[in-house]
Amino acid sequence: MNDLDRTVAELARMIRDGSTTPTTLVEQSVVRIDDLADLAAFVSVDRDGALAAAAHAESELATGLDRGPLHGLPVAVKDNIDVAGQHTRAGSVLLGDRPATDDATVVTRLRQRGAVIVGRTNMHELAWGGTTDNPHTGRARNPWDRERVPAGSSGGSGIAVAAGMVVAALGTDTGGSVRLPASVNGVSGLRPTIGRVSNAGVVPLAWTMDTVGPLARTAADAALVHDAIAGWDRRDRTTRREPVHPAWPNLPPDGGAEMLSGLRIGIIADYALVGNQPDVASAVRAALDTLAEAGASIEEITVPGVDELVDAQLVVDAVEPSAMHIDLLRTRPRDYGDDVRTHLEIGLRYTGVEYVQAQRFRAWFRDGLLAAMRHLDVLVTPTLPFTALPHGAESVELDGRSTSLTAANMRYTAIGSMAGFPGLSVPVGLDRDGLPVGMLITGRAFDETTVLRVGHAYQAVTEHHRLLPPV
């Protein structure tokens, strides 16, 4: 077994009992990245810097300074997150060639916990897309089937975790860009509440919906990374001073299925389990049965406006990036990839009235969602209505109708993105082609703890998160 396929808790124990060392794990990470270079998960690897950081971690541990379970473990960050001394290109050729002078706040906080940054992961150009098929940095490939997409925009981070290159990776999520790669790569991925995690030092896409989130092998590992990066930041005025209640210490390492007893789960009637590929619907139904057998109650609810939600999100998701890129779009249009340039040009066509109406709809939807969830702990949906698509696909057939890939990607992730609520995607099985299916657990604002507890409890009674791609 590749050591980096183990959980953070397992590796932390191995470091402390002498079974391995941070240097050994970083060396394994770099070798694994090189051996699987055809997956195009990384755009750069800082081998020397990572080995120096690993040696420093060993020295600290030897002197009794223990920064916690992440101390000495190799992690990666998406290419739109600043790492001091490295170029932040966001998968583009448009952002100049000056290295970042400071770490992003999330990177600073990972380093404070002793994590070792080994490299930067591939992404869909400027985070505006869902395939990580990047004309500048290469086509990223799904480790379960190289002819399939790893989703996006944080596709490289999803691949890196799924293929055992690192124990965890940071991505960013606007319309679903952490949760989608988690789903199709068979890992766990958390989108935190808007305002929970700092965006300081992160290249923006749509500033009212962007957030940084972790991808990891398990919900418990995602909790550990989230606990490290969450909290108010003076560098980012959009972060909230809501108290952070660490989730990881409340996740029993030996199980925790009893946490499902009395849990109240909502299913959106005539929406959550319709319009999906059959294998996706079957896997999520089976997961719901498992949750119910462990003591959770399942309740159908209605959420006003859910059928129109993606349309509203597409307006916000189009206009805000176009506003940010308007000058470069006019002066350097040929330096954008074709798909991203098209998205940005579409964003310029919307009127101010349409943007304001979309934001008004968003606020109205959030109020209705809160009301529908007043007696619930979480909502459950598929993460995606389909599994990983072939490279080059621009649409997907669902219920006999062709739907654009952009709209289909957001069918369920739009709920958390537009409301600003936290959501965790966890693997719930494989389809008939051996491709992962994800289930999305969405909770109330600033209640990442409950979302993570549900994911952890589900993983305590199932084995889907232990499946590894055939790389």
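Each label point was placed 7 Å from the Cα along the Cα-to-Cβ direction; for A363 and D289 their separation is 4.5 nm.
Take the Cα of A55, step 7 Å toward its Cβ, do the same at I326, and the gap between the two points is 5.1 nm.
If we count other beta carbons within 10 Å of each Cβ, what is the order of V315, V178, V75, fewest first?
With the sparsest Cβ surroundings first, the list reads V315, V75, V178.
Here the Kirkwood formula, the inverse mean of 1/r across different C-alpha pairs, assigns region 259-466 a hydrodynamic radius of 18.4 Å.
Efficiency by 1/(1 + (r/R0)^6): what FRET value for R146 and R234, r their Cβ-Cβ distance, R0 = 60 Å, to the nearest 0.05? That pair, R146 with R234, gives E of 0.85. Can you give the local net charge around R466? Use residues other than it whose beta-carbon is closer than 11 angstrom to its beta-carbon, Lys and Arg +1, Asp and Glu -1. Every neighbour counted, the sum reads 0. In the set (i) 30, 27, 21; (ii) 41, 25, 21; (iii) 32, 24, 22, the label that goes with semi-axes √(5λ) of the Cα gyration tensor in Å computed for this structure is (i). The mean sequence separation of alpha-carbon pairs under 8 Å and at least six residues apart, normalised by the residue count of region 361-448, gives a relative contact order of 35 percent.
Can you tell me, using C-alpha contacts under 8 Å and at least 6 residues apart, the relative contact order of region 310-417 as a whole percent? Over region 310-417, the number comes to 30 percent. For region 259-466, a simple Cβ point-charge model (Lys and Arg +1, Asp and Glu -1, everything else neutral) yields a dipole of about 420 debye relative to the Cα centre. Across the chain, the relative contact order, built from alpha-carbon pairs under 8 Å that are at least six residues apart, equals 17 percent. Dipole check for region 159-237: with +1 at the C-beta of Lys and Arg, -1 at the C-beta of Asp and Glu, and the Cα centre as origin, the magnitude is about 80 Debye. Cβ crowding within 10 Å, taken as a proxy for footprinting-reagent exposure, orders I33, I301, I81 from fewest neighbours to most as I301, I33, I81. Charge tally around N80: other residues with Cβ under 11 Å, Lys/Arg +1 each, Asp/Glu -1 each, net -1. Excluding M165 itself, calculate the net charge of residues whose Cβ lies under 11 Å from the Cβ of M165, where each Lys or Arg counts +1 and each Asp or Glu counts -1. It works out to a net charge of -2.
Ordering I267, G64, G130 by Cα displacement along the dipole of the chain toward the positive end leaves G64 in first place; charges were set at the Cβ atoms of Lys, Arg (+1) and Asp, Glu (-1).
For region 3-250, the fraction of C-alpha pairs farther apart than 24 angstrom is 38 percent. Residues V396, V454, ranked from the fewest to the most other C-beta atoms within 10 Å, line up as V396, V454.
With the largest listed first and rounded to whole Å, the semi-axes of the equivalent ellipsoid of region 1-45 from the Cα gyration tensor are 23, 10, 8.
Over region 247-359, the pair-distance histogram of Cα-Cα distances with 10 Å bins from zero comes to 12, 24, 21, 21, 18, 4 percent, rounded to whole numbers.
Computed from label points 7 Å out along Cα-Cβ, the spacing between D270 and D399 is 1.0 nm. Dipole check for the chain: with +1 at the C-beta of Lys and Arg, -1 at the C-beta of Asp and Glu, and the Cα centre as origin, the magnitude is about 880 Debye.
Can you give the extra length, in nm with one decimal, that the chain gains between N250 and I346 once fully stretched, where that is 0.36 nm per residue apart less the Cα-Cα distance?
Working: separation 96, 0.36 × 96 = 34.56 nm, distance 4.54 nm.
In short, 30.0 nm is gained.
Quick note: the coordinates plus some simple rules give every number you see, no bench work behind them. Just so you know, these numbers come straight off a predicted model, no measurement behind them. With ideal geometry, Cβ positions are generated from the backbone for all residues, glycine too; neighbour counts draw on all protein chains shown.
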